[in-house]
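Input: a single structure, listed below in structure tokens.
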Amino acid sequence: MSLTPAVGQSTQKPAMYIRGIPFYANNAGSGNAQDAWDASSPGQDRQRAASAWCVGGQGKIVGQEQAAFIKARQAVRRFVPKGVSMALLRELVAAAAATDLHGRARFVMVESPAAMDRLAGLLAAWMRREGALLDGPNPSADVRRLTLHGAPHLAVVHGPAGDAPAAAACREAMARLEWAAASAGLGSCCVGALVQAAAVDPALAAALSMPQGHLVHAALVLGQPRLEPEAGPAKAVRMIWL
């Protein structure tokens, strides 16, 4: 599946927005098996042919590499100011949306520095009102660093309020986007405060281009990590055996 900018009118729901430009999933197909898979009906039962890595023990090797990758992944809170390409951002969203067969998850990708600064300012104002940011009204403060870790980009996944399947699809999509970003060498960090703020602050929701009746279900800052994240000591896992 690829994403293409809107040309004229479209009856599709936009898969994502970048700088206010809607992008739609392009499933017209080029005649190969992958296009046929992507273009099939959302309600149709589907089976994918076995891939090469599933054969001859290769799946085990891939699985081991993936397990090591997951264990090594760390949240990043210091970023290089330079942004990444819009093409890569579109690829990340395409990967995130790949298994959302019913198109429940909707995306906003904040790409421009001006938009990042505006959102950081609105989020900082909300956090100060809530007593969650005690930096005081310092005009020289770097609010993007304080609220969004100085990241160059922000990905938001949203869906209709009160729609449990949409909420689950949004969280799954963001998890996929996070791993796709890590595989591309990008760092990321969840921003829970923005999810809370967007639900109650109309100005912030409007700045994110939230449709009426939609909620932000997950938010993730993205960019090139300033430092290579170091794995800390393993944390004890709390679990119940039944």
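Given the structure, is Cys189 closer than 30 Å to Leu101 by Cα, touching a His at 6+ places or on another chain (Cβ under 7 Å) and part of a helix (DSSP H, G or I)?
no
Looking at (1) loosely packed, with under 10 Cβ neighbours inside 10 Å; (2) modelled with pLDDT of 90 or more; (3) β-branched (Val, Ile, Thr), which one does Val55 not meet, given that it meets all the others?
Going through (1) loosely packed, with under 10 Cβ neighbours inside 10 Å; (2) modelled with pLDDT of 90 or more; (3) β-branched (Val, Ile, Thr) one by one, Val55 breaks only (2).
In region 87-122, what residues are over 18 Å from Met174 (Cβ atoms) and either in contact with a Ser or Thr (Cβ under 7 Å, 6 or more places away or on another chain) or not in a helix (DSSP H, G or I) (or both)?
Of everything in region 87-122, those that are over 18 Å from Met174 (Cβ atoms) and either in contact with a Ser or Thr (Cβ under 7 Å, 6 or more places away or on another chain) or not in a helix (DSSP H, G or I) (or both) turn out to be Ser112, Ala120.
Give the residues of region 151-166 that are farther than 15 Å from Ala198 by Cα and either assigned to a helix (DSSP H, G or I) or in contact with a Phe, Trp or Tyr (Cβ under 8 Å, 6 or more places away or on another chain) (or both), sorted by residue number.
Selection gives Ala151, Pro152, Ala164, Pro165, Ala166.
Looking at Leu177, is it farther than 21 Å from Leu88 by Cα, at pLDDT 90 or above and not small (Gly, Ala, Ser)?
no
Could you tell me whether any residue of region 154-170 is farther than 14 Å from Arg118 by Cα and charged (D, E, K, R)?
The answer is yes; a qualifying residue exists.
Which residue pairs have Cβ atoms closer than 6 Å, lie 6 or more positions apart in sequence or on different chains, and pair a first residue in region 93-121 that is within 20 Å of Ala206 (Cβ to Cβ) and in contact (Cβ under 8 Å) with a residue 12 or more places away in the chain with a second residue that is in a helix (DSSP H, G or I) and of a type in the set (Val, Ile, Thr)?
From residues that are within 20 Å of Ala206 (Cβ to Cβ) and in contact (Cβ under 8 Å) with a residue 12 or more places away in the chain, the pairs are Phe107/Val93; Ala120/Val143; Ala120/Thr147; Gly121/Val143.
The values are calculated or read from the model by the stated rules, or taken from the named source; none is laboratory data. Keep in mind that what you see is a predicted model, and the values were worked out from it rather than measured. Backbone-built Cβ (ideal geometry, glycine too); neighbour counts: all protein chains shown.
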